[in-house]
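The values are calculated or read from the model by the stated rules, or taken from the named source; none is laboratory data. Every value quoted in this text rests on a predicted model; they were computed, and no experiment measured them. All Cβ positions, glycine included, derive from the backbone under ideal geometry; neighbour counts span all protein chains shown.
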Amino acid sequence: MTQLPLAQVEEHLQHVTRQFAQWRASRPTSRGRIPPPLWTQAIALTAHLPLTRVAKQLGLTPQVLKRRRDATRPGAVAPPAPCPSHFVEVQTPAWRASTAEVEVQRADGTRLRITYSDAVPALVPLLQTFLETC
């Protein structure tokens, strides 16, 4: 982002203010939608001036301007959808008594509980697969 001289930013703010006033005066109804080019200019001003100042000067709601600005940022993406849960039950013969139990929970809340009786179970590949999924 390049910094512009304050005088140039103020001049641009006044220009955009006049554009908003002209649009408001010429719209057919009082509830018309603000055209995208006006939104683009208002959002661009927030890079150089406080959002609340831009919103007040242009007669916009600060929350709406912030929401629009945040939605247009390059890094703004929706959070990934959670992975679908699949339950897999593995039956072991009833004659084996369990000797240990391991429970692991991923950051998304999915849990894996393993009950086993082997002295040295092969847990590493299973846990790696579970934790790397999604």
Legend entry - Verdict on residue 27 being more than 30 Å from residue 127 (Cα to Cα), modelled with pLDDT under 90 and surrounded by 10 or more Cβ atoms within 10 Å (Cβ to Cβ): yes
Inset, instruction - Would you mind finding the one in 90, 77 that is modelled with pLDDT under 80, hydrophobic (A, V, I, L, M, F, W, C) and within 20 Å of the chain's Cα centre (by Cα)? - result: 77
